[in-house]
Amino acid sequence: MTMAGASAALAALAPSRIFAADAAASLKSMTAGVVPIGRTEYLARIDNARALMGKLGIGALLIEPGASLVYFTGVQWWRSERLTAAVIPREGDIAIVTPHFEEPSVRESLRVPAEVRVWNEDEDPLVTVAGILRDRKVTAPVAVEETVRFFAVDALRRAMPRVEVVNGASVVRACRMVKSPAELALMQKASDITIAAYRHTAPRIKAGMSPKDIGAMMDSAHEALGASPEFALILLGEASAYPHGSGKPQAVRDGEVVLMDCGCAVEGYQSDISRTFVFGDATAEQRKVWQQMRDGQQIAIETARVGVPAGSVDDAVRAQYVKWGYGPGYKLPGLSHRTGHGIGLDGHEPVNLVHGETTALAPGMCFSNEPGIYLPGRFGIRLEDCFHMGPEKPIWFSTPPPSLDKPFA
């Protein structure tokens, strides 16, 4: 590239990204010594899935690319019209199905012993899947991971009309919902990095900045600290009253709310932390709502105990919010979304802390805790910290802030 071309390319970069990268230049990676999930754990996951299949009378499990494929096989791939999938039989060797020309690339991230069976462009990949199932003598129902696309399910039914196809959530969820010590360590590291990124970014926020400017600083900080940026949702002023924001122009203004909802991934395991503060001097109402929301977060963590239904956590928060004049239920002003969601390899995964959820909390389950309070047309407050269930009660990944004046303490 010529000097003129290089200059033009530099000028084409978003100014916010250039500023953010410069600001993050002094940060050092926090991921030295991180231990990825090892082969022994992958194999234990498969054994667990097979044990569950045996109890449920399932003959095999079909998984498409995504977090569940990574969870069981390590294979990191994407979904397209060309099917790549894993077949985990209750008995017999695992098989990966993929287009012939993708085989070398798919093998690169495969972490378990498996047959790789390919199909060509003029062939039906579900016929290949059916062949694997016949070779493994699978006659019991075939479970499909709940996000598998309909075209694959439909084609499998046509290829094997005598084999029942059922929902595999009872197997996959039971495995993935309970995290191992190795998974918890990766999630802890991701949370630590996001907190460090907040502490780097917050002092650099200035009047007039846009959500894009602030998000770029968080992304650059996450990268410099050794993680993969996953999202940086920045809501300013009135936009903070809408949980996922507004398309209207926004800028940092004195006396207005800044809501930051950001996360990263370490070895695929995610963080999800929100912080809300006021740029400049806060009003009495902003302080009151901030403290009420923080108290709601505390109610949630005190309600979450091993053995209680996940939905009871949400119910406890809403009961107090009603006493303060919010709601009732999901009505606004108040809390219009669930109190929390599961988290792990996916930023949002089952189960949720939501009214009506009967799944009992168990050690190793991981959740966000974010019972935001939203006043449409004015502002919203959301603090979000994740926790995992210990032997009896929750353990924070990140510690909630003590006050509006110390949101990143």
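Tell me, what is the percent relative contact order of region 308-409, built from C-alpha pairs under 8 Å that lie six or more residues apart?
23 percent.
Would you work out which of Thr276, Leu43, Pro211 lies farthest towards the positive end of the dipole of the chain, given +1 charges on the beta-carbon of Lys and Arg and -1 on that of Asp and Glu, about the Cα centre?
Of the candidates, Thr276 comes out farthest on the positive side.
Region 305-409: which trypsin sites (Lys or Arg not before Pro) are DSSP loop and have at most 16 other beta-carbon atoms within 10 angstrom?
Of the trypsin sites (Lys or Arg not before Pro), the ones in loops of region 305-409 whose Cβ has at most 16 other Cβ atoms within 10 Å are Arg305, Lys331, Arg378.
Percent relative contact order of the chain, based on C-alpha pairs within less than 8 angstrom and at least six residues apart?
After rounding, I find 14 percent.
Let me know the shape class of region 181-396, please: from the alpha-carbon gyration tensor, a ≥ b ≥ c as square roots of the eigenvalues, rounded when a/c is under 1.5, otherwise prolate if a/b is greater than b/c, or oblate.
oblate
Calculate for the chain the 222 nm mean residue ellipticity that helices alone would give, adding -39,500 (n - 2.57) per DSSP H run of length 4 or more and normalising by residue count, nearest 500 deg cm²/dmol.
-11500 deg cm²/dmol
About the Cα centre of the chain, what is the dipole size in debye to 20, counting +1 per Lys and Arg Cβ and -1 per Asp and Glu Cβ, all else neutral?
620
Within the set of other residues whose C-beta is less than 9 Å from the C-beta of Gly340, count the net charge using Lys and Arg as +1 and Asp and Glu as -1.
Taking every other residue near Gly340 into account, the sum is -2.
Go through region 79-138 and name the GluC sites (Glu not before Pro) that are in a DSSP coil and have 10 or fewer other Cβ atoms within 10 Å of their Cβ.
Glu81, Glu121
Where does the charge balance sit around Asp154 when Lys and Arg score +1, Asp and Glu -1, over other residues with C-beta under 15 Å from its C-beta?
Net of charged neighbours comes to -1.
Restricting to Cα pairs below 8 Å that are 6+ residues apart, what does the relative contact order work out to for region 39-176? Please round to a whole percent.
Result for region 39-176 is 26 percent.
Tell me, what ³J(HN,Hα) does each residue in region 381-395 have, in order and in whole Hz, if you take phi through Karplus 6.51 cos²θ - 1.76 cosθ + 1.60 with θ = phi - 60° and put x for Gly and Pro?
Along region 381-395, the couplings run 10, 9, 10, 9, 9, 9, 9, 10, 6, x, x, 10, 9, x, 10 Hz.
Mind listing which trypsin sites (Lys or Arg not before Pro) in region 177-264 are in a DSSP loop and have 16 or fewer other Cβ atoms within 10 Å?
Filter output for region 177-264: Lys206, Arg253.
Tell me which residues come under 5 Å, amide H to amide H, from Leu353 once H is placed; ignore anything under 5 positions away on its chain.
Residues meeting the criterion, in which the H sits 1.01 Å from N, are Gly340, His341, Gly342.
Which of the pairs Lys179/Lys212; Lys206/Lys406; Lys212/Lys393 have their Cα atoms more than 27 Å apart in this structure?
The answer is Lys179/Lys212; Lys212/Lys393.
Subtracting the Cα-Cα distance from 0.36 nm times the residue separation, let me have the gained length for Ser29 to Thr283 in nm, one decimal.
Separation in residues times 0.36 nm, less the Cα-Cα distance, equals 87.6 nm.
Of the labelled options (i) 27.4; (ii) 24.1; (iii) 23.1, which one gives mean projected area of the Cα convex hull in nm² as computed for this structure?
It is the value labelled (iii).
Which aspartates and glutamates have a Cα lying under 19 Å from the Cα of Lys288, excluding residues fewer than 8 positions away in the same chain?
Straight-distance partners of Lys288: Glu238, Asp254, Glu256, Glu370, Glu384, Asp405.
How much length, in nm to one decimal, is gained on full extension between Arg378 and Ser210, taken as 0.36 nm per residue of separation minus their Cα-Cα distance?
58.6 nm
Give me a comma-separated list of calculated 3J(HN,Hα) values for region 314-322, in order, Karplus coefficients 6.51, -1.76, 1.60 applied at θ = phi - 60°, integers in Hz, x for any Gly or Pro.
Calculated HN-Hα couplings, in order: 5, 4, 5, 5, 5, 4, 6, 4, 4 Hz.
How far is helix 125-135 tilted off the main Cα axis of the chain, in degrees rounded to 10, range 0 to 90?
The answer is roughly 60 degrees.
Summing +1 for each Lys or Arg and -1 for each Asp or Glu, what net charge is found among the other residues whose Cβ lies under 15 Å from the Cβ of Val97?
Computed value for this residue: -4.
Can you tell me the length gained on complete extension of the stretch Ser105 to Gln320, counting 0.36 nm per residue apart and subtracting the Cα distance?
72.1 nm
Where a number appears in this text, it was derived from the coordinates with a stated rule and is not lab data. Owing to the predicted nature of the structure, the values given are computational and were not obtained by experimental measurement. Don't worry about glycine lacking a Cβ; one is built from the backbone with ideal geometry, like all the others, and counts go over all protein chains shown.
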